[in-house]
Amino acid sequence: MAETRIIHGFHAVTARIRQHADSVMELYVDTKRHDPRVRDLLKLAETNGVRIVPVDGKRLDGMAGNASHQGVVAKVDAARKVVNLDDVLDTLIEPALLLVLDGVQDPHNLGACLRCADAFGVHAVIAPKDRAVGLNATVEKVACGAAETVPYITVTNLARTLRELQERDIWVVGADSEAENDLNNFYHSDALALVLGAEGEGLRRLTRETCDQLVSIPMMGSVASLNVSVSAGICLYEARSQRVEVKVPGSHGIGE
């Protein structure tokens, strides 16, 4: 029997049906919901041959662990397609843009990071297998479908993976509040891996030492640090915007 898990919320369930309908074993819908959003989801499920099970709200509460499920829960095959980092990198037609998360443990933060990654065209999100939250129902709900569109790759040894990226000429840049250089003095439009640390702790020592360069986010107010997903959005926006800028002849930047 296949190992199963539960996902919930309209964005997560809709994205799973659109991307991997064959992995959705059953769709459970609150019998009290008859609005257009539910009708659209039911039509999508029927079109893709997903079994629909009408249930009451209390059963959904139990299935979702009393999380905010919006009246929609799906039982899915827990076996996800294994994505190999080399396969991702070998098929790119532009310089790699990767987001590396060094031990993010809050599922809301991971979900928000995946949304940022999707928004800015990140080719893969990389995280360690241990001391990290991993994909779960909360992550998928917060990610609003991005968990199905952005490859999420877990690795046994993060420092070794960073060195392998460097061997592929991918510039590894860590975000660190103590770094001497900030984003205003950073320019790199080629292959890039941005590394962000865990909530409160930041980058681990070995991760920090493995990076080619460290940069900080310029802070003008009294707040000392930002949420990891906010930091990811800022760094990824800067990285992506630099790629569309027309380089001035003779100009150069850090890391080139």
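The values are calculated or read from the model by the stated rules, or taken from the named source; none is laboratory data. Everything quoted here is computed from the prediction, not taken from an experiment. Every residue, glycine among them, receives a Cβ derived from its backbone with ideal geometry; neighbour counts consider all protein chains shown. Just so you know, the surface numbers come from the protein's heavy atoms only, side chains and all, with ligands and any DNA or RNA stripped out. Shrake-Rupley method; radii C 1.70, N 1.55, O 1.52, S 1.80 Å.
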Run down the aspartates and glutamates and flag those whose C-alpha is under 15 Å from the C-alpha of LYS32, throwing out any fewer than 8 positions away in its chain. ASP56, ASP61
Rolling a 1.4 angstrom probe over the protein chains, ignoring ligands and nucleic acids, what is the accessible area of TYR28 in square angstrom, nearest 10? 10 Å²
Contact order normalised by length for region 22-119, with contacts defined as Cα pairs under 8 Å and 6 or more residues apart; what percent is it? 30 percent
For the pair VAL230 and LEU44, the simple spin-label estimate (label points 7 Å beyond Cα toward Cβ) gives in nm 3.0 nm
According to a simple spin-label model (label point 7 Å from Cα along Cα-to-Cβ), what is the distance in nm between ASP77 and ALA21? 1.5 nm
Classify region 101-242: rounded, prolate or oblate, from the alpha-carbon gyration tensor (a ≥ b ≥ c, eigenvalue square roots; a/c under 1.5 rounded; otherwise prolate if a/b is larger than b/c)? rounded
The percentage of the accessible area of the chain (probe 1.4 Å, all protein chains present) made up of carbon and sulfur atoms, to the nearest whole number, is 49 percent
Per residue, what accessible area does region 84-212 have, given a 1.4 Å probe and all protein chains present, in Å²? 44 Å²
Normalised contact order of region 52-210, rounded percent, pairs of Cα under 8 Å and 6 or more residues apart: 25 percent
Kirkwood-based Rg/Rh on the Cα set of the chain evaluates to 1.03
Which listed residue (TRP171, PRO95, LEU110) has the Cα farthest towards the positive end of the charge dipole for the chain, taking +1 on Lys and Arg C-beta and -1 on Asp and Glu C-beta about the Cα centre? LEU110
Can you tell me the length gained on complete extension of the stretch VAL244 to ASP61, counting 0.36 nm per residue apart and subtracting the Cα distance? 61.3 nm
Assign unit charges at the C-beta atoms only (+1 for Lys and Arg, -1 for Asp and Glu), then state the dipole size of region 103-217 relative to its Cα centre in Debye, rounded to the nearest 20. 360 debye
Rounded to whole Hz and in sequence order, give me ³J(HN,Hα) for region 206-211 from the Karplus expression 6.51 cos²θ - 1.76 cosθ + 1.60, θ = phi - 60°, writing x for Gly and Pro. 5, 4, 4, 5, 7, 4
Divide the volume of the convex hull of the Cα atoms of region 1-109 by its number of residues and quote the answer in cubic angstrom per residue. 158 Å³
Rounded to the nearest 20 Debye, what is the dipole magnitude of region 66-125 about its Cα centre when Lys and Arg each give +1 and Asp and Glu each give -1 at the C-beta? 340 debye
For region 121-202, with the dipole built from +1 on Lys and Arg beta-carbon atoms and -1 on Asp and Glu ones, taken about the Cα centre, which of THR138, GLY121, LEU158 lies farthest toward the positive end? THR138
Antiparallel bridges, percent of DSSP beta bridges restricted to the chain (to nearest 5): 30 percent
With a 10 Å radius around each residue's Cβ, average the other Cβ atoms per peptide and rank 30-43, 196-209, highest first. 196-209, 30-43
Restricting things to alpha carbons, tell me how big region 79-157 is in terms of Rg and Dmax, in Å. 11.8, 33
Roughly how many debye, to the nearest 20, is the charge dipole of the chain about its Cα centre, given +1 on each Lys and Arg Cβ, -1 on each Asp and Glu Cβ, and no other charges? 1080 debye
Estimated inter-spin distance, ASP90 and GLU209, nm [label 7 Å along Cα→Cβ]: 3.3 nm
Quick one: which residues, 5 or more positions from GLU26 or on another chain, have an amide H under 5 Å from its amide H? H modelled 1.01 Å from N in the peptide plane, none for Pro or chain starts. LYS75
Each residue of region 17-26 in order: what ³J(HN,Hα) in whole Hz does its phi give by Karplus 6.51 cos²θ - 1.76 cosθ + 1.60, θ = phi - 60°, with x for Gly and Pro? 5, 5, 8, 9, 4, 5, 8, 8, 7, 8
Amide H contacts under 5 Å for ASP102, restricted to residues at least 5 apart in sequence or on another chain and with H modeled in the peptide plane, are LEU196, GLY197, ALA198
